[in-house]
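See structure below.
The values are calculated or read from the model by the stated rules, or taken from the named source; none is laboratory data. Note that the structure is a prediction, hence the values are computed from the model and not measured. As a convention, Cβ positions derive from the backbone with ideal geometry for all residues, glycine included, and neighbour counts pool all protein chains shown.
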Amino acid sequence: YFLKTHTTKEVKDNGEKLIENKQEVKVAGRIYLERDFGKTKFYTIADGYDKIQIYFRKDILNEKYELLDLFDIGDFIGVSGEVFKTKTGEITILVKDFVLLAKSLRPFGEKYHGLKDVELRYRQRYLDLLNNQEVRGIFLKRSKIISLIREFLDKKGFIEVETPILQPIYGGAFATPFKTFYESLDKEFYLRISDELYLKRLLIGNFEKVYEIGKDFRNEGISRFHSPEFTQIEIYQAYADYYTMMELFEELFLFLVKNLYRDDKFIYSEKFYYGEGEKEIFLRIKELKEKGIEINKINIYYLKEKDKEEREYLSFCEELINFCKEHNLPYQEEKKEKRCAEIEFLIEVKRPFKRIKFSESLNEILGIDILEVPFDILKKKAKEVGIDFKEEITEIKLLDKLFSALIQKYLIQPTFVIDHPKITTPLAKPHRENPLLCERFEVFVGGIELGNAFSEENNPIRQKESFLELLKLKEDETPLDEDFITALEYGMPPSGGLGIGIDRLVMILTNQSSIREVILFPQLKEK
C-alpha cells in the first residue's frame with residue numbers, strides 16, 4: 001500500500017521549504033507526459049489537484065530503472081524522493097523509489113475536437129475529464145457554488161431539510177411526472193416534480209426558514225436548457241413575501257459572483273457552433289443592437305489543427321469579421337479546440353436588479369391588454385407577431401410562448417419579471433392591488449430563467465378553488481392533494497418561496513451554453 005504524504009499542489013506550493021529541509025515526499029498520480037533521455041527520464045504526473053514533473057536517474061535507481069520501460073501514458077504511479085528546482089526554475093521531484101499503482105489498458109487518444117465528439121464526451125465523461133482541464137474546472141466550480149449557497153443560507157438561519165423523492169401525489173409545478181410502482185404499498189408513486197408542498201408543510205409545523213437542495217424529475221423534453229432529471233434548490237421563509245425573496249436572491253447571487261470572481265462582474269457568452277446554425281449570429285447581433293443591448297465583444301474560435309472542413313468555416317469567419325468591422329463591434333480571434341463564434345456580454349451584478357412587469361411588457365408590444373381581451377384576440381395577436389402554436393393551446397402556454405419570444409431573450413443583465421397573470425400561478429397569492437395578477441417573479445440573467453418565486457398562497461379555501469379550477473379547465477393533470485389542503489387549514493404563516501435551478505445557475509456562472517456541459521453524466525439516447 002502506497003501512502004501519500006503530499007499532493008502535487010502541496011509540493012509546488014511549498015517547494016522552497018521542502019528543498020531547504022531536504023524533506024522526502026511521497027506523491028501519486030497518473031502519467032500524462034514522458035521524455036526519455038536514455039539514462040534519465042522526465043514524467044509529468046497529475047493528481048486531483050495539479051500536475052508536477054518527476055525525474056528518474058539510472059545511477060540512483062539502478063536495475064529498477066529498467067522497469068520504467070513497462071510504463072505507459074495513463075498509468076498510475078507512486079514516487080518518493082526529494083524536491084529540487086531545474087535550471088528553468090521548475091519544481092521537480094528527484095525519484096528515489098517508485099511503484100506502479102494501476103495500469104491503463106486503453107490509450108487516452110487525442111484530445112476531442114469541437115463538436116465532432118460532443119456525444120462521446122458525454123458518454124465517456126471520465127475521458128473528457130482526463131483530457132480537458134476546462135471541463136474539470138466546470139465541475140469543481142459547480143461543487144463550490146453549491147457549497148457557497150449552503151454557507152450563505154446557513155448564516156442567515158435557514159435549516160437544510162430532506163423531503164420525499166417518491167411521492168403518492170405529485171404537485172408544486174406544471175409538469176408530467178415519472179411513474180413507478182411501490183411494491184410494499186401496492187400503489188403507483190411518482191418521482192417528485194417539485195419539493196414545494198412538503199416544504200410548506202414544514203412552515204405549518206413552525207419551521208420558519210427552510211431549504212432543500214435535491215433532484216427533481218419532469219418527464220418532458222430535453223434541450224439546451226432542460227433536463228428531465230435536474231437539481232434545484234427551493235427556499236421558504238415565514239413572515240415574508242415575494243419582495244423579501246427578490247432581496248434574498250439579489251444578495252445570494254452577488255455573494256456567489258464575488259466569491260467566484262472577486263468582482264461584481266463576470267463574462268457570459270451566447271455560443272454559435274459551426275454546423276449548428278452559426279449564421280444565426282448575424283440576426284442575433286442586429287436584434288441586440290436594435291434593443292440597445294451592449295455587446296462586450298465577438299469571439300471567433302478556430303481549431304488548432306486544420307481539416308477538410310476548415311475552408312468553409314474560415315469563409316464564415318471572414319464574413320463575421322467584416323460584419324463586426326461594419327458595425328463597429330470589437331472582436332477577438334483565438335485558436336482553441338472548437339469551431340465557434342460567441343457574442344460576449346459583461347454581466348454586471350448591481351443591486352437593485354432591474355424590474356419589469358410581465359403584463360405591461362407584453363401589452364406594450366402587442367398593443368392590447370392581455371388581462372382583458374378574449375383569448376381569441378390574444379391568439380390573433382400572437383400570430384401577427386410570428387408566434388407558432390397549435391389551435392388547442394392553453395392560455396397559460398400561449399402567454400409563456402409570447403414572453404419567451406418577445407421579452408426573455410433580451411433580458412441579458414439581471415432582471416426580475418414580476419406580477420404575472422393569476423391564471424398562470426395557482427400556488428401564488430393574488431396581487432394585493434390587482435386580483436387579476438399574482439405576487440410572483442421570475443429572475444433572468446443572460447436571457448436564461450434562473451429562478452421563480454411567489455408570495456405563497458396560505459388561504460386554504462382559495463387554494464382549493466385554484467386547484468379545482470385547473471382540473472376543471474384541464475390545464476393540469478395534477479391530482480388534488482387533499483392532505484396539503486388539510487395542512488393549510490391548520491394555518492400557514494404568510495410566506496415567500498423561491499426556487500432556483502442549480503444546473504442553469506452553474507451554466508451562467510461558468511459560461512456554458514448547454515445544460516449537459518454542467519451535468520456530469522447527462523442522459524443520452526442509446527447508440
Matching residues, the range 358-387, being in a loop (DSSP other than H, G, I, E, B) and either of a type in the set (S, T, N, Q) or without any contact (Cβ under 8 Å) to a residue 12 or more places away in the chain (or both):
ASP369, GLU372, VAL373, PRO374
Give me a count of the residues in the range 489-527 that are over 18 Å from the mean Cα position of the chain (by Cα), surrounded by fewer than 20 Cβ atoms within 10 Å (Cβ to Cβ) and at pLDDT 95 or above.
5
Would you mind stating whether ASN434 is in a loop (DSSP other than H, G, I, E, B), crowded, with 18+ Cβ neighbours inside 10 Å and not hydroxyl-bearing (Ser, Thr, Tyr)?
no
Leading residue by the ranking (modelled with the lowest pLDDT) among those in the range 443-464 that are polar (S, T, N, Q) and surrounded by fewer than 24 Cβ atoms within 10 Å (Cβ to Cβ)
GLN463
Among all residue pairs at least 6 apart or on different chains, which show Cβ distances below 8 Å where the first residue, located in the range 220-232, is more than 17 Å from PRO177 (Cβ to Cβ) and the second is part of a loop (DSSP other than H, G, I, E, B) and not acidic (Asp, Glu)?
ARG224/SER513; ARG224/SER514
If you scan the range 221-269, which residues turn out to be aliphatic (A, V, I, L, M), surrounded by fewer than 16 Cβ atoms within 10 Å (Cβ to Cβ) and part of a helix (DSSP H, G or I)?
LEU260
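Here is a yes/no grid of residues against (1) outside any helix (DSSP H, G or I); (2) under 28 Å from LEU505 (Cβ atoms); (3) in contact (Cβ under 8 Å) with a residue 60 or more places away in the chain:
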position	(1), (2), (3)
LYS271	yes, yes, yes
GLY277	yes, yes, no
ARG284	no, yes, no
ILE295	yes, yes, no
ILE298	yes, yes, no
TYR313	no, no, no
ASN328	yes, no, no
LYS335	yes, no, no
Condition set within 17 Å of TYR32 (Cα to Cα) and touching a Ser or Thr at 6+ places or on another chain (Cβ under 6 Å), scope the range 73-96, selection surrounded by the most Cβ atoms within 10 Å (Cβ to Cβ): answer is THR92
Any idea how many residues of the range 50-71 are of a type in the set (A, V, I, L, M, F, W, C) and over 29 Å from ASN14 (Cα atoms)?
2
Can you go through THR44, THR5 and tell me which one is polar (S, T, N, Q) and assigned to a strand (DSSP E or B)?
THR44
How many residues does the range 207-219 contain that are free of Cβ contacts under 8 Å to residues at least 60 places away in the same chain, of a type in the set (A, V, I, L, M, F, W, C) and not in a loop (DSSP other than H, G, I, E, B)?
2
Being among the basic types (Lys, Arg) and either under 30 Å from GLU517 (Cα atoms) or outside any strand (DSSP E or B) (or both): is that true of ARG35 here?
no
